[in-house]
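Data block below; observations after.
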Amino acid sequence: MKGSCACGAIEYEIDRIDMPVSHCHCHSCRKTHAAAFVTTAGVLREHFRWARGEDKLSNYESSPGKLRRFCSLCGCHLLAERTGASAVIVRMATLDEDPGVRAQYHIWAEHDVAWLQDDQLAVYPQWQPGR
């Protein structure tokens, strides 16, 4: 599967999605994406590669050890990663095709804002049970 930023300067490829897809409501995701929540999925590093424009990447350390990687031209947030982690966290909205998987739950719902309407997915105050 291929993904890219809004302006097309950066492209990446993934072999598959390795972890459940979720909607993250944390304050940091909401602010960096300017959205009520962001849909993410874990991809093992060996299944992820930059295809073009890696030199256009910028990053922001939103919490200790967590880098949010975005395009320096259009500002599109492509992924987040922690140093030494086995997976990167891809922003599903940057995929250029349907991955064939759907979100399984919401996380960090305790950070929700009043204007966010509930839906039918399971909601957890922080991480889902068993995480």
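The values are calculated or read from the model by the stated rules, or taken from the named source; none is laboratory data. Quantities reported herein were computed from a predicted structural model and do not represent experimental measurements. Using ideal geometry, Cβ is built from the backbone for each residue, glycine included, and neighbour counts are taken over all protein chains shown. In case anyone asks, the SASA skips ligands and DNA or RNA and just uses the protein heavy atoms, side chains included. Shrake-Rupley method; radii C 1.70, N 1.55, O 1.52, S 1.80 Å.
Results for (1) assigned to a loop (DSSP other than H, G, I, E, B); (2) hydrophobic (A, V, I, L, M, F, W, C); (3) under 20 Å from Gln128 (Cα atoms), shown as yes or no for each residue.
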{"site": "Arg16", "(1), (2), (3)": "yes, no, no"}
{"site": "Pro20", "(1), (2), (3)": "yes, no, yes"}
{"site": "Tyr60", "(1), (2), (3)": "no, no, no"}
{"site": "Cys74", "(1), (2), (3)": "yes, yes, no"}
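Looking only at residues of the range 34-55 that are under 14 Å from Arg69 (Cα atoms) and touching a Cys at 6+ places or on another chain (Cβ under 9 Å), we find that the one that is surrounded by the most Cβ atoms within 10 Å (Cβ to Cβ) is Thr40. Taking the criterion of being among the aromatic types (Phe, Trp, Tyr) and over 12 Å from His106 (Cβ atoms), the only residue of the range 1-37 that qualifies is Tyr12.
One line per residue, one yes/no per condition, for (1) small (Gly, Ala, Ser); (2) on the phi < 0 side of the Ramachandran plot:
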{"position": "Thr32", "(1), (2)": "no, yes"}
{"position": "Gly42", "(1), (2)": "yes, yes"}
{"position": "Ser58", "(1), (2)": "yes, yes"}
{"position": "Glu61", "(1), (2)": "no, yes"}
{"position": "Gly65", "(1), (2)": "yes, no"}
{"position": "Cys71", "(1), (2)": "no, yes"}
{"position": "His77", "(1), (2)": "no, yes"}
{"position": "Arg102", "(1), (2)": "no, yes"}
{"position": "Glu110", "(1), (2)": "no, yes"}
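Selection of the range 64-92 for residues being farther than 19 Å from Ala35 by Cα and among the small types (Gly, Ala, Ser) yields Gly65, Ser72, Gly84, Ala85, Ser86, Ala87.
Only residues that are among the hydrophobic types (A, V, I, L, M, F, W, C), under 16 Å from Lys31 (Cα atoms) and more than 12 Å from the chain's Cα centre (by Cα) were counted in the range 75-119, giving 7.
Assess whether Arg69 counts as being in contact with a Leu (Cβ under 9 Å, 6 or more places away or on another chain) and free of Cβ contacts under 8 Å to residues at least 24 places away in the same chain. So Arg69 fits the description; yes. In the set (1) assigned to a strand (DSSP E or B); (2) at pLDDT below 95; (3) touching a Ser or Thr at 6+ places or on another chain (Cβ under 7 Å), the condition left unmet by Phe70 is number (2). Are any of the residues in the range 108-116 outside any loop (DSSP other than H, G, I, E, B) and closer than 14 Å to Ala41 by Cα? No, the conditions are met nowhere in the range 108-116. The set of residues from the range 20-32 being touching a strand residue (DSSP E or B) at 6+ places or on another chain (Cβ under 6 Å) and at pLDDT below 90 comprises Ser28, Cys29, Thr32.
Scanning the range 56-114 for residues that are of a type in the set (Lys, Arg) and open to solvent by less than 50 Å² (accessible area, probe 1.4 Å) yields Lys66, Arg68, Arg69, Arg91.
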